[in-house]
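Reviewing the structure listed below.
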Amino acid sequence: MRLRGIVLGMLVGIAFYLALWPVPVDPVAWNAPAGAGFTGPFARNERLRGLELLPLGGDHGPETVVVDRKGQVYTGTKEGRIFRDGRAWVSTRGRPLGMAFDHDGHLLVADALRGLLEVTPEGRVTPLVRDVAYANSVAVSPAGDVYFTDSSAKFIPRVWNGSYEASLLDILEHGGHGRVLVYDPLTKEIRTLIAGLNFPNGVAVSPDGAFVLIAETGSYRVLRHWLEGPKRGRTEPLIENLPGFPDNLTAGLDGRFWIGLVSPRNRLLDRLSRWPRLRKAVQRLPKLIRPKAVAYGHIVAIDGNGRVLASLQDPDGRYRLATGAAETEEFLYVSSLEMPAIGRMRAPVLSRVKRVPIEFRDRWRELVRTAWTAASADPCEWRRRSA
C-alpha cells in the first residue's frame, strides 16, 4: 500500500507538472498541412553526399555563404567570426547569420545578437540597425534597398541562450512574431514590409527587382511579395508544404533560388498543430526528448514560379543541418547550422541538376505518351508521328 501511494503520488506530480508548470511559450492553434514526405520532386537521393569540406579553423556553424566580385568566399560562425577564404577576418562580437553585399561592395550582416551590420572591405564593422530583436537574413535589391528578416519579436536570441534555442521556441508557439523590414541606405529609414509571419528566415530579391522571396520556416513555405507590376504590394505563397523547415534563401544563376531545408519536419509537431495545450506540455518535457533539428542534409533549387529544379540530399547527415547554398559558375557552396566546415561541390556535378528543361521535359513526355497511344491502335500512325 505504501509503495502504491508513492507511485500514485509521483504520477499525480508528473501530471501536474506537464499540465501546469510555467513555460515561456503560449502556443497558437493552426492547421499544419499534411506532409507528403520525401516524394515527387523531393524523392530521397544522395546527391549531396561527398561534399568537399573547407574547414574553418575550429569554428562551427557557417550559417550563410556569400561570394564577392573577386571570388572570395565569406561565412559567419557561432563563435562570432566572419571568415574570408577560410581565414578569420573580422569579429562581429555576436552571431552572424545572413549576409549579402551591397552595391558598394560592403558586406551586410544580419547578426542575431547585434542587428543589421555593415563591414567595409577594410574590415570595419558598423551597426546600421540596432532596434531588431532577431536579425536573421539580408538581401539587396537592384535599386539598393536592403531587405532583412526580424524572425521573432518575442523569442530574442540574446535572452534565450542563442539563435537556435530561440528559433525552437518561436516555431513551437507559432504566434506570428516575425516580420520583414526594408532599410533605405540613403535616408537611413526603416519600414515594415510584412508582419505577422511565423519565423521568417531567408530572404532573396529577384534579379530584376520585381519581387522578394521569404522563407517562412514555421509554416513550411516560401512567400513571394511583389515589389513591381500589377501585383505590387501583394504577398502570396510561392511553394508550400515543403518536406522540411526552410532556412536560408539565396538567388543563384539563371533565375534559380536555393533553399536550405535545415531539418525534416517533425510529425509530432504537425499532429499537435491544432492542440496548443499539448504543444505547451511538450515544452515541459526534458530538453533531451523535445523536438529538435534532425541530422539530415537537404538543399533545393526553385525558379521564380516555385517549380522545383533540383533537390540535393544527404540522408545520412554527413553534412548535416544544411541551411542553404551559394552558387557560382564553378562551385556550389553549402552552409550548415553546426558543421565545422563549408561544403563545396564542383560545377560538373551540379551541371546535371541546375539546368533542368522543365517545359521541354514535360512536352517530350506528352509527345511520347501520345505517340505510344497511337502506336497501340495503329502502327502506321506511330511511324507517321515519328517521322
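Remarks
- Residue in the range 116-131 that is touching a helix residue (DSSP H, G or I) at 6+ places or on another chain (Cβ under 7 Å), closer than 18 Å to Leu181 by Cβ and not in a strand (DSSP E or B) present: no
Residue-wise test of (1) touching an Asp or Glu at 6+ places or on another chain (Cβ under 8 Å); (2) more than 13 Å from Ala204 (Cα to Cα).
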| position | (1), (2) |
| --- | --- |
| Leu227 | no, no |
| Pro230 | no, yes |
| Gly233 | no, yes |
| Gly244 | no, yes |
| Asp247 | no, no |
| Trp258 | yes, no |
| Leu261 | yes, yes |
| Pro264 | no, yes |
| Ser273 | no, yes |
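- Tally of residues being closer than 30 Å to Val25 by Cβ and surrounded by 22 or more Cβ atoms within 10 Å (Cβ to Cβ) across the range 115-153: 15
- Residue check: Lys292 meets all listed conditions (1) surrounded by fewer than 19 Cβ atoms within 10 Å (Cβ to Cβ); (2) modelled with pLDDT of 95 or more; (3) not hydrophobic (A, V, I, L, M, F, W, C) but one, namely (2).
- Residues of the range 167-218 classified as of a type in the set (S, T, N, Q) and either in a loop (DSSP other than H, G, I, E, B) or more than 19 Å from Gly98 (Cβ to Cβ) (or both), total: 3
- All positions within the range 305-326 that are within 17 Å of Leu223 (Cα to Cα), part of a loop (DSSP other than H, G, I, E, B) and within 16 Å of the chain's Cα centre (by Cα): Gly306
- Listed by first and then second residue, the pairs with beta-carbon distance under 6 Å, at least 6 apart or on different chains, first residue in the range 90-108 and free of Cβ contacts under 8 Å to residues at least 24 places away in the same chain, second crowded, with 21+ Cβ neighbours inside 10 Å, are Gly94/Asp111; Gly94/Arg114.
- Within the range 306-330, being surrounded by fewer than 19 Cβ atoms within 10 Å (Cβ to Cβ) and in contact with a Lys or Arg (Cβ under 9 Å, 6 or more places away or on another chain) holds for Gly306, Pro315, Asp316, Arg318, Glu330.
- Positions within the range 132-166 being among the acidic types (Asp, Glu) and assigned to a loop (DSSP other than H, G, I, E, B), in sequence order: Asp145
The values are calculated or read from the model by the stated rules, or taken from the named source; none is laboratory data. If you're wondering where the values come from, they're calculated on a predicted model, not measured in any experiment. Positions of Cβ are generated from backbone atoms using ideal geometry, with glycine treated the same way; all protein chains shown enter the neighbour counts.
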